[in-house]
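Notes for the one structure printed next.
The values are calculated or read from the model by the stated rules, or taken from the named source; none is laboratory data. Nothing here was measured: the structure is a model prediction, and the numbers come from that model. Please note: Cβ atoms are built from the backbone with ideal geometry, for glycine as well, and neighbour counts cover all protein chains shown. These area figures cover heavy atoms from the full protein model, side chains too; ligands, DNA and RNA do not enter into them. Shrake-Rupley method; radii C 1.70, N 1.55, O 1.52, S 1.80 Å.
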Amino acid sequence: MRLGRRTFAACWVVNPDKKVLICGGGVAGPACAYWLNKYGYTVVVAEKAPGLRDGGQNVDIKGAGQRVIEKMGLVDAVIAKDTQEQGQKYLDAAGHVVATLPKQAFGSLTNDFEILRGDFARILYDLTQDQCEYRFDTVVAYLEEKSHCVSVTFGDRTVEDFEFVVCAEGMGSSTRQMVMAQEVRFRYLGAHMSFFNIPRRPEDDHWALTVNGLGGTFLTLRPGNDTETTVLLTFLAHEDGTPGDAAAPKDLLRRALDGRGTIADRVSSELDAVEDFYFGPMSQVHVSRWSKGRVVLVGDAAYCPTPFTGSGTALALVGAYVLAGELSRHRDHAEAFVAYERLVRPYAEAAQNQLTPALIRFIHVKTRLEVALAHLLIRGIALGATQRIAKLIADRRGTEVADEFVLADYF
Ligand SMILES: Cc1cc2nc3c(=O)[nH]c(=O)nc-3n(C[C@H](O)[C@H](O)[C@H](O)COP(=O)(O)OP(=O)(O)OC[C@H]3O[C@@H](n4cnc5c(N)ncnc54)[C@H](O)[C@@H]3O)c2cc1C
């Protein structure tokens, strides 16, 4: 899908009485800050980290998320940082191509917009930093709900009143736990995941390379920037890591890569030098209600689908757009929170339902026979032969619902 390059004239009308706090300066937070500021709110963004967190690997911006990008006038900025990924190649253990899925082909992980998370976070920050007040190294220590505001005590013990608080702190949000711990459930999908960067090699082109390794290891290398290639490694494991094992994360990764072929050997040989890497359980966040009093959740804090879906960034953008839009439509924040959840929850749940422990197990093949069957299936998809069956399964999982979310026009 091609997107228009429509840019909205900035029209920042700030009403000092409408002061709101957004906790979390990742993706959902700055996106929400943009829209709330546009609707006349004075926005403070509190970020726990000492500076902008511009780490992370490839994120897809698909479906309705692309339309939010368009409404924010960011199409050109995102295209300028596109990783230029052409599509995805499945390889066998020896590194031979099993099947090729070009960009946007059914089953391919490559979308219209492929950008590194850090580049995208930087774009959102640059867009909002002059209109919104960013406070780094800042967390909420305590919240007190009052009749006309919420009184926030920050980590440094300063106290400030806000009309409401938007919690966009990502999966492990502590403010969410402070306010609605009872409502939160983590759904573990049966695998652990890690993402990090390794040095780019001359042979690295603009294709993502995926290997189904034996023993439930799934490995994807993707184009990053001029000097780095990104790695997404997932492997079947019990919820607390690997069977009864307190080994350091890198040892667990090495074990998951061992004997899984040439690409895995390359990644394994680079592991020692990797300093910045994410490692953790592949879990989703399910929250039975997304707001309580004057606090509302958005993005991964409310409905993390796991990075494995590739939907988290689009969901964050759509949630931020709808939440701010409903706040601009309703006089009462509580009514706006309810309207936002009613609209976005089916979309978020459809994205989350794309992944189940059974599907994760299906993708993470274990035996030689399963590897051979996976190669047959992916070849069939590439040739179009098994596409109808695979598409039917995907549709039943809600892929279409997730892509077809219709954005209201709020301005
Ligand atoms: C460093 C990093 C790397 C990532 N890499 C990838 C990736 O490679 N692939 C992928 O698909 N997804 C990745 N993600 C997740 C992806 O950004 C989200 O799924 C999606 O964009 C939704 O964004 P979010 O704003 O809801 O959450 P996040 O992007 O996680 O942002 C949450 C922000 O809140 C901040 N925060 C946390 N707790 C507090 C607190 N108590 N007070 C104030 N601030 C707080 C965090 O520091 C972070 O900046 C990454 C997230 C982070 C933070």
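The Rg/Rh ratio for the chain, using Cα coordinates for both the radius of gyration and the Kirkwood hydrodynamic radius, is 0.97.
Mind giving me the FRET efficiency for Lys81 and Arg368? R0 is 41 Å, r the Cβ-Cβ distance, nearest 0.05 is fine.
Values: r = 41 Å, r/R0 = 0.99.
Once rounded, the FRET efficiency stands at 0.50.
Over region 203-355, calculate the relative contact order: mean separation of alpha carbon pairs under 8 Å at least 6 apart, over the residue count, as a percent.
Values: 161 pairs, mean separation 20.8, N = 153.
Taking the mean separation of contacting Cα pairs over the length of region 203-355, I get 14 percent.
Model label sites at Lys18 and Asn225, defined 7 Å from Cα along the beta-carbon direction, differ in position by 3.7 nm. Listed by chain and number, the lysines whose C-alpha is less than 30 Å from the C-alpha of Lys103, apart from same-chain residues fewer than 8 away, are Lys62, Lys71, Lys81, Lys89, Lys366, Lys391.
Measuring with a 1.4 Å probe in the full set of protein chains, what accessible area per residue, in whole Å², belongs to the chain? The partial results should precede the final answer.
Values: 18060 Å² over 411 residues.
So the chain comes to 44 Å² accessible per residue, rounded to a whole number.
For the chain, what is the calculated [θ] at 222 nm in deg cm²/dmol (nearest 500), taking -39500 (n - 2.57) for each run of four or more DSSP H residues and dividing by its residue count? Before the final figure, lay out each step's value.
On the way: 14 runs with 143 residues, N = 411.
Estimated from H runs of four or more residues: -10500 deg cm²/dmol.
Between Thr356 and Arg254, 0.36 nm times their residue separation minus their Cα-Cα distance comes to what?
Working: separation 102, 0.36 × 102 = 36.72 nm, distance 2.58 nm.
Working it through step by step, the gained length comes to 34.1 nm.
With all protein chains present, how much of the accessible area of the chain (probe radius 1.4 Å) comes from carbon and sulfur, to the nearest whole percent?
Carbon and sulfur atoms account for 52 percent of the accessible area of the chain.
The stretch between Arg200 and Thr262 holds 20.8 nm of extra length on full extension. This uses 0.36 nm per residue minus the Cα-Cα distance. Close amide-amide hydrogen proximity is noted between Glu114 and Thr83, Gln84, each under 5 Å apart and 5 or more residues distant or on a separate chain (H modeled in the peptide plane; Pro and chain starts excluded).
The value for region 96-151 of Rg(Cα) / (2.2 N^0.38 Å) is 2.08. For the pair Glu145 and Asp130 in one chain, pulling the backbone fully straight at 0.36 nm per residue adds 2.5 nm over the alpha carbon distance.
Which helices, counted as full DSSP H runs in the chain, have an axial Cα extent of no less than 20 Å and a Kyte-Doolittle average of 1.0 or above? Please list the in-between numbers first.
Details: long enough: 312-329 (25 Å, 1.04); 333-353 (29 Å, -0.39); 368-383 (22 Å, 1.34).
TM-like helix candidates: 312-329, 368-383.
Rg and Dmax of region 19-67, both derived from C-alpha coordinates alone, stand at 12.5, 34 Å. Near Asp272: Cβ cut-off under 12 Å, other residues only, Lys/Arg at +1 and Asp/Glu at -1. The net charge is -1. Of the residues Tyr188, Val267, Asn353, the one whose Cα sits farthest toward the positive end of the charge dipole of the chain, with +1 on the Cβ of Lys and Arg and -1 on the Cβ of Asp and Glu, is Asn353.
In summary, region 30-157 shows an alpha-carbon radius of gyration equal to 1.41 times the 2.2 N^0.38 Å reference for compact globular proteins. With Cα atoms as the point set, the radius of gyration and Dmax of region 250-314 evaluate to 17.4, 54 Å.
Taking the alpha carbon gyration tensor of region 176-315, what are the square roots of 5 times its eigenvalues, largest first, to the nearest whole Å?
Details: eigenvalues 198, 68, 30 Å².
Working through the eigenvalues yields semi-axes of 31, 18, 12 Å.
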